[in-house]
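Asker: Starting off with a structure, shown below.
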Amino acid sequence: MLNFLSTYNFLVYGNPAYSRSLADSSTITKYFDITGGVNHYLDCPNDDFRLNSAIFNYANDNNTICQLAYELVSIFNSIHKVFCFEDLRRLPLRVEGFYLKDTIVPLERKDTRFSINNFSHDKIKLVEDLKSQILGLGNSSIFHFLLLSLIREDVYLILKLIDRIDLDSDDWSQLYKIFETIANLESITNIDTQIDTNLKRRFKNSANNFSITGINSRHGYTSNTGGRQTLSYDEALKFILDISKTYLNTLLSEATDNNEINILKLS
């Protein structure tokens, strides 16, 4: 637990063991701090874990604070999909309640149009503090990417698109959105993911052909048959998560090597 004061906190629910490890060991940054897991009156463990963040102090109303919490949890879950995909027991955290200290407050509905990245870019003091936090975190961790997503729109877009992958179905359209986004970002940022050309061809052939991937294809029915070089959905998902990981790691490595964090606003 980090020692900073914030008036608001959110009840979050996820894997209790993982939530407890976050609460016990400290989540490193004041922008994503998990506390709780202890009933002090009965002196025993419980599953009451709270999310606190210094970013809440930059908001002026309860709705904005709620949207910031939803976004932080969404990005946190996405980072785990990229870097800890084989350990899905950690996923997902969910926002379950909103508190003013220990008093429950009505939890606002999630606004899918809200962007924590847009919110952060308008706050000069916040941006400078986030830069300092990123460079001061030490060894690479998932929290580097969470903080980067607040001031770099490329990181934000990749993680938000990954958040929307439906893990219960063959979500080819969403995978292709991520592939297309990273390809376009590379031309802007000059970050090279060194995509394997054979895998790229097989991915595009699979995602785009109804005759190969059926109703979950990126395109509708066509009488044209697909080629023979294809990927299974699991292979395609791994391919997309791998290039996402490469983009994020390369960006962070360049920033820490140069000891400089550059913000990025695409529009």
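Asker: If you check Tyr8 against the conditions, is it over 30 Å from Ile240 (Cα atoms), among the hydroxyl-bearing types (Ser, Thr, Tyr), surrounded by fewer than 20 Cβ atoms within 10 Å (Cβ to Cβ) and touching a residue at least 60 places away in the same chain (Cβ under 8 Å)? Show your work before the answer.
Answerer: Details: over 30 Å from Ile240 (Cα atoms): yes; among the hydroxyl-bearing types (Ser, Thr, Tyr): yes; surrounded by fewer than 20 Cβ atoms within 10 Å (Cβ to Cβ): no; touching a residue at least 60 places away in the same chain (Cβ under 8 Å): yes.
Taking the combined requirement at face value, the residue does not satisfy it.
Asker: Which one is farthest from Glu71 (Cα to Cα), of the residues in region 38-60 that are assigned to a loop (DSSP other than H, G, I, E, B) and of a type in the set (A, V, I, L, M, F, W, C)?
Answerer: Residues of region 38-60 that are assigned to a loop (DSSP other than H, G, I, E, B), as a first pass: 40-43, 53, 59-60.
Then keep just the ones that are of a type in the set (A, V, I, L, M, F, W, C); that gives 42, 59.
Details: Leu42: 33, Ala59: 14 Å.
Taking the candidates together, the pick is Leu42.
Asker: A follow-up question, please. Taking the stated definitions as given, is Ile195 touching a Phe, Trp or Tyr at 6+ places or on another chain (Cβ under 9 Å), modelled with pLDDT under 90 and within 30 Å of Ile263 (Cβ to Cβ)? Break it down stepwise before answering.
Answerer: Values: touching a Phe, Trp or Tyr at 6+ places or on another chain (Cβ under 9 Å): yes; modelled with pLDDT under 90: yes; within 30 Å of Ile263 (Cβ to Cβ): yes.
Against the criterion (touching a Phe, Trp or Tyr at 6+ places or on another chain (Cβ under 9 Å), modelled with pLDDT under 90 and within 30 Å of Ile263 (Cβ to Cβ)), Ile195 qualifies.
Asker: Same structure, new question: Output the residue which, of all residues in region 40-84 that are aliphatic (A, V, I, L, M) and more than 11 Å from the chain's Cα centre (by Cα), is nearest to Ser19 (Cα to Cα). First the steps, then the outcome.
Answerer: If we filter region 40-84 for residues that are aliphatic (A, V, I, L, M), which is where we start, we get 42, 51, 54-55, 59, 65, 68-69, 72-73, 75, 79, 82.
Within this subset, residues satisfying the condition of being more than 11 Å from the chain's Cα centre (by Cα) are 42, 51, 54-55, 59, 65, 68-69.
Working: Leu42: 20, Leu51: 10, Ala54: 19, Ile55: 21, Ala59: 26, Ile65: 21, Leu68: 19, Ala69: 16 Å.
Ranking the qualifying residues of region 40-84, first place goes to Leu51.
Asker: Which condition breaks for Leu159 when tested against (1) within 19 Å of the chain's Cα centre (by Cα); (2) outside any helix (DSSP H, G or I)?
Answerer: (2)
Asker: If you don't mind, another one. Could you list all residues from region 80-112 that are modelled with pLDDT under 95 and of a type in the set (Lys, Arg)?
Answerer: Matches in region 80-112: Lys81, Arg89, Arg90, Arg94, Lys101.
Asker: Which one is surrounded by the most Cβ atoms within 10 Å (Cβ to Cβ) among residues in region 124-165 that are closer than 18 Å to Gln67 by Cβ and modelled with pLDDT under 95?
Answerer: The extreme case among them is Asp163.
Asker: Can you name the number of the only condition in (1) in contact (Cβ under 8 Å) with a residue 24 or more places away in the chain; (2) of a type outside the set (Ser, Thr, Tyr); (3) over 22 Å from Ile158 (Cα atoms) that Cys44 fails?
Answerer: (1) is the only condition that Cys44 fails.
Asker: So is Glu96 outside any helix (DSSP H, G or I), acidic (Asp, Glu), under 20 Å from the mean Cα position of the chain (by Cα) and surrounded by fewer than 19 Cβ atoms within 10 Å (Cβ to Cβ) or not?
Answerer: Working: outside any helix (DSSP H, G or I): yes; acidic (Asp, Glu): yes; under 20 Å from the mean Cα position of the chain (by Cα): yes; surrounded by fewer than 19 Cβ atoms within 10 Å (Cβ to Cβ): yes.
For Glu96, the condition - outside any helix (DSSP H, G or I), acidic (Asp, Glu), under 20 Å from the mean Cα position of the chain (by Cα) and surrounded by fewer than 19 Cβ atoms within 10 Å (Cβ to Cβ) - is met.
Every residue, every condition in (1) in contact with a helix residue (DSSP H, G or I) (Cβ under 9 Å, 6 or more places away or on another chain); (2) closer than 13 Å to Ser74 by Cα, yes or no:
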position: Val105; (1), (2): yes, no
position: Asp111; (1), (2): yes, yes
position: Gly136; (1), (2): no, no
position: Phe145; (1), (2): yes, yes
position: Leu148; (1), (2): yes, no
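The values are calculated or read from the model by the stated rules, or taken from the named source; none is laboratory data. Please read these numbers as outputs of a predicted model, since none were measured by experiment. Here the Cβ is made from the backbone with ideal geometry for all residues, glycine too, and neighbour counts use every protein chain on show.
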